[in-house]
There are 2 protein chains.
Amino acid sequence: MTNQADIHTLMMGLGERARLAARGLAIAPTDQKDQALRESAALMRVRKQDIMAANQKDVATAKENNISAAFIDRLTLDEGRIDAIADGLEQIALLDDPVGTKLAEIRRPNGLVIDRVRTPLGVIGVIFESRPNVTADAGALCLKSGNAAILRGGSDSVHSSRAIHQCLADGLEAAGLSKDAIQLVPTTDREAVGKMLQGLHGNVDVIVPRGGKGLVGRVQQEARVPVFAHLEGICHIVVDKSADLTMAKDVILNAKMRRTGICGAVETVLIDQHVSSLLVPELVDALVEMGCEVRGCDRTTSLDDRVKPATEDDWSTEYLDAIVSVRVVDDFDQALDHIGQYSSHHTEAVIAEDDAVVQRFFTEVDSAILMHNASTQFADGGEFGMGAEIGIATGKMHARGPVGVEQLTSFNYRVHGKGHTRP
Amino acid sequence: MTNQADIHTLMMGLGERARLAARGLAIAPTDQKDQALRESAALMRVRKQDIMAANQKDVATAKENNISAAFIDRLTLDEGRIDAIADGLEQIALLDDPVGTKLAEIRRPNGLVIDRVRTPLGVIGVIFESRPNVTADAGALCLKSGNAAILRGGSDSVHSSRAIHQCLADGLEAAGLSKDAIQLVPTTDREAVGKMLQGLHGNVDVIVPRGGKGLVGRVQQEARVPVFAHLEGICHIVVDKSADLTMAKDVILNAKMRRTGICGAVETVLIDQHVSSLLVPELVDALVEMGCEVRGCDRTTSLDDRVKPATEDDWSTEYLDAIVSVRVVDDFDQALDHIGQYSSHHTEAVIAEDDAVVQRFFTEVDSAILMHNASTQFADGGEFGMGAEIGIATGKMHARGPVGVEQLTSFNYRVHGKGHTRP
């Protein structure tokens, strides 16, 4: 399908059906939504061979196109991965239903009682790249939070996503819900993404992009509806002069090397000059031993000749790799200035024993997640006890930090009167 | 100033100074912010004559331009109105400071303690029309919530706004805060509004338009940053067949006639056919006596010949005047369908004694504020116990309903560890 008018009609139809499905979902009982999730999981297990066969088509195309091994690894589904996706659906079914939860109760002197109650957002558009599991994860989180989902996957995983989506659609129908509650955009034409970003005539309430900087940047630039996203995770660890240096080393190694490709991995370490001569050589020893390249400022390179000189670009680069930049700072203020200049407002950590320093860090650093004496790799909805997350947001509006089922809701005010008129 | 390049430079400078001021405000103690508010109020009282003199210039220009009497009334400041503005500043000083409030505490099995704490949003752009008091009200609400404000008033009230703004700037300085915390755009060139809507290079976090449908519509259409607003308030009252009809009449009269020009005034009444013959004549009697025009569907006109026939346009018109439309509906479902089609998602009310109907109303109607047996005119931050409000939002993201100091905040996560590394 390449005809622009056809894509317009197709996408507007998707939007209208999603809005209609959202009305039904908003009042669907928790049991019914959970049943749909469990039916979908069961179908995924039953259809494992079909899903793998569909996935093989995508993998074969990727190989023909000489796509990287890392990419093919992300794309590939085996029995274990399909089980994991089905497990994920069942876990989302076990989460508390946020819809209908009372967030606040206001009792007014005139006798009015005002409840603030969680409601779904409506329709959530999810735009993702190669990982076919996002079809299930994102669709399930939207469903649990009472929202209709419009999913747009990358062309690389089209057959896999369709096979997984069919399980969701059939699971919805088995539970008596509209299969339009989770729709997969049937075309991989890029114009379809443009239509979603324009909001499908008011029928998309929020867009969640799942993918690399290119995708997220385009979505943030073009979207005419709110976006939950982070463009990148340039995360910092500050080692204060009051730090426990053994703890500092352990936390930095974990924050960098546990997994280097995730957004919560640390990219830059800022070390107070009073402790730099003690910490830097030992830290570099450990990093180099684990296969990590270290780039540093002049003071860092002078402390250890295995450190390569950092350029200005290093301070604003999300490596997503076994590379870390290190800067020795005059004091805590200079560390805060550095973060103010280079942070992507995702996650930062301070290693310090001085409570006043921790307090300043918590109040003066403007990022979604701030850690004290803990690894930046805890920046994750699961680690926050939210169950699954659809992503991490660095914007300050509505959802900030991990976006779980609660963050996919709005609220309204329900006012209980007894014939109250306003004087 | 008409040179586009000059306006660009001017506005970008405003944005940069606002961002810098916001950093200071985010960590300013409550006492200091409250002192600034009280100093500003005191200055307004001291400078009453100067403010009235400035206001007279605006009024004289308006009269020369043959502007309507209602407009000139909104624009005019006398001693009483200036006192009321100063009182408002002092009342905002008395509100609880939302910044730093703990919203949630999550204790994880691994010992991590995660606090969710309120933080300011950053920089708030306020675009308003003729009412000069918005300068003080909006500026004060932003200040109390730790946000820097960029205020852009209409050309009609330029002298009045400047005189009021000078009190705020001097009040900020007297309290030791940057006067850039509340800036007034010094040009009335419309291009300045365009720049604000583009976000001043990331230095505006949210826009609040205060004015008529023309202004709000333009802002919602053009803004590249989030907007807290309502385009219009097409509010409905549903009279269920289980309603107490005396209560229904009293609530409808109040909801329409207490003040006809506010967004929470009712525009359409939907009456169940089982009670329409009892209610309509009595209701029309009372409305007509109070000077209200009644327009109705065929069934309504057949019940009372003082009712004029409603056209399709009536169901989607916010009268902001002593006019109401009435439709007799088959049942509660038809009332919900009508609201789904015509509501502006602001405020709706149901008059009913049947709990099941009330419950359906609360869960199925998708508006910011839902009332049971209470007048729609209670849709107001003050009536909700929030103190002052900067406006009412009908969007579902972040702020919904009245926007008070709490709604002008974001939050972040502060994670307390003891050297935690992630397994």
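Tabulated data for the structure shown
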item	result
Condition check for A:ALA54: farther than 18 Å from A:GLU129 by Cα and touching a residue at least 40 places away in the same chain (Cβ under 8 Å)	no
The lone exception for A:LEU287 - which of (1) out of contact with any helix residue (DSSP H, G or I) (no Cβ under 9 Å at 6 or more places or on another chain); (2) without any contact (Cβ under 8 Å) to a residue 40 or more places away in the chain; (3) under 13 Å from A:VAL266 (Cβ atoms) it fails	(1)
Members of region A:319-345 that are within 24 Å of A:GLY391 (Cβ to Cβ) and within 11 Å of another protein chain (Cβ to nearest Cβ)	A:HIS345
Counted residues, region B:96-122 - those being facing chain A (nearest Cβ under 8 Å) and among the hydrophobic types (A, V, I, L, M, F, W, C)	5
Flag for A:ILE271 being in contact with a strand residue (DSSP E or B) (Cβ under 7 Å, 6 or more places away or on another chain), over 16 Å from A:ALA379 (Cβ atoms) and surrounded by 24 or more Cβ atoms within 10 Å (Cβ to Cβ)	yes
Matching option when the condition is without any contact (Cβ under 8 Å) to a residue 12 or more places away in the chain and closer than 28 Å to B:CYS263 by Cα, among B:GLY214, B:GLY194, B:GLY199, B:GLY153	B:GLY214
Flag for A:VAL193 being out of contact with any Asp or Glu (no Cβ under 8 Å at 6 or more places or on another chain) and either at pLDDT 95 or above or in a helix (DSSP H, G or I) (or both)	yes
Members of region B:211-236 that are assigned to a loop (DSSP other than H, G, I, E, B), surrounded by fewer than 16 Cβ atoms within 10 Å (Cβ to Cβ) and touching a helix residue (DSSP H, G or I) at 6+ places or on another chain (Cβ under 7 Å)	B:ARG224
Filter result for B:ALA149 (in a strand (DSSP E or B), at pLDDT 95 or above and assigned by TED's automatic domain parsing to the domain that holds B:ARG190)	yes
Unmet criterion (only one of (1) free of Cβ contacts under 8 Å to residues at least 60 places away in the same chain; (2) at the interface with chain A (Cβ under 9 Å from one of its Cβ atoms); (3) hydroxyl-bearing (Ser, Thr, Tyr); (4) farther than 21 Å from B:ALA255 by Cβ) for B:SER367	(4)
Selection count, region A:224-240, where residues are at the interface with chain B (Cβ under 10 Å from one of its Cβ atoms), closer than 20 Å to A:GLU318 by Cα and aliphatic (A, V, I, L, M)	0
Among (1) more than 9 Å from chain B (Cβ to nearest Cβ); (2) crowded, with 18+ Cβ neighbours inside 10 Å - the single one A:ARG306 does not satisfy	(2)
Residue count, region B:389-416 (criterion: aliphatic (A, V, I, L, M) and closer than 16 Å to B:ALA149 by Cα)	4
Any chance A:HIS416 is closer than 30 Å to A:GLY111 by Cβ, in contact with a His (Cβ under 6 Å, 6 or more places away or on another chain), within 7 Å of chain B (Cβ to nearest Cβ) and in contact (Cβ under 8 Å) with a residue 40 or more places away in the chain	yes
Residue in region A:390-408 that is surrounded by the fewest Cβ atoms within 10 Å (Cβ to Cβ), counting only those that are among the charged types (D, E, K, R) and farther than 17 Å from A:PRO120 by Cβ	A:LYS396
Matching residues in region B:241-254 - criterion: being buried (at least 24 other Cβ atoms within 10 Å of the Cβ) and either within 8 Å of chain A (Cβ to nearest Cβ) or among the acidic types (Asp, Glu) (or both)	B:VAL251
Helices (runs of 4 or more DSSP H) contained in region B:239-336 and holding at least 3 residues at pLDDT 95 or above, of a type in the set (S, T, N, Q) and out of contact with any Asp or Glu (no Cβ under 7 Å at 6 or more places or on another chain)	B:298-303
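Every residue, every condition in (1) at the interface with chain A (Cβ under 7 Å from one of its Cβ atoms); (2) over 23 Å from B:ALA140 (Cα atoms), yes or no:
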| residue | (1), (2) |
| --- | --- |
| B:SER375 | yes, yes |
| B:PHE384 | yes, no |
| B:ALA393 | no, no |
| B:ALA399 | no, no |
| B:GLY404 | no, no |
| B:LEU408 | no, no |
| B:HIS420 | yes, yes |
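The values are calculated or read from the model by the stated rules, or taken from the named source; none is laboratory data. Predicted, not measured: the structure shown is a model, and the values here were computed from it. With ideal geometry, Cβ positions are generated from the backbone for all residues, glycine too; neighbour counts draw on all protein chains shown.
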